[in-house]
Amino acid sequence: MQVALKSSRGEEVSNMKFGGEVELISGLDEFHTAISFPGVSVVHFMAPLNPHCSQMAPFLDALCARYPSVNFIKVDVIENPAVAKAENVRMVPTFKIYKNGNRVKEMVCLSHQLLEYSYGF
C-alpha cells in the first residue's frame, strides 16, 4: 500500500514498484483507489476458510514477487461484503484483472497456469 499512500499524499510514485507484496483491501474506497492506479491490477476475491483460496494464496505471493510492476490485491469477501457485492462476486476464488481502472478479465480460477497466463506477460 506504500504506493497508494504516497499517491494519496501527492508524492511522486511513477517510478515506484508495488513492492512484491499482495495488498489486502479493507473497504470499497480503498478498492477503487487500488484498481485505479496506472498499469495492471490483479484482484483475488477470497475467503480465508475456503481451501481453494488458501491453495491459491502462496501462488499469488509468488506471482507478486515475480511481477513487481503489477499491483496484486486480495479482498476478503467475508470481511468486505460491500466490495464483493459491488463487483458482483458470487464464488471464490474469483480473479479480476484491471488495467488503468478498467476491468479487462474475470475468472473463477483454480489453475495456477491459467491464472498466470491470463495476465498476458
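Please treat every number below as a calculation from the coordinates, not as lab data. Here the structure is a predicted model, which means the values were calculated and not measured. Glycine gets a Cβ as well: all are built from the backbone with ideal geometry, and neighbour counts include every protein chain shown.
One chain, two ends: Val108 and Ala57. Fully extended at 0.36 nm per residue, the span grows by 16.9 nm beyond their Cα-Cα distance. How would segment 37-115 be classified by its alpha-carbon gyration tensor: rounded, prolate or oblate, with rounded meaning a/c under 1.5 and the a/b versus b/c comparison settling the rest? The shape class here is oblate. For segment 21-117, the relative contact order works out to 39 percent when only alpha carbon pairs closer than 8 Å and six or more residues apart are counted.
Other residues whose C-beta falls under 14 angstrom from the C-beta of Ala57 contribute a net charge of -3, scoring Lys and Arg +1 and Asp and Glu -1. For segment 60-72, the Karplus equation 6.51 cos²θ - 1.76 cosθ + 1.60, evaluated at θ = phi - 60°, returns couplings of 5, 4, 5, 5, 4, 5, 6, 10, x, 7, 9, 8, 9 Hz by residue, with Gly and Pro reported as x. The ranking of Tyr67, Tyr98 by Cβ neighbour count inside 10 Å, starting from the fewest, reads Tyr67, Tyr98.
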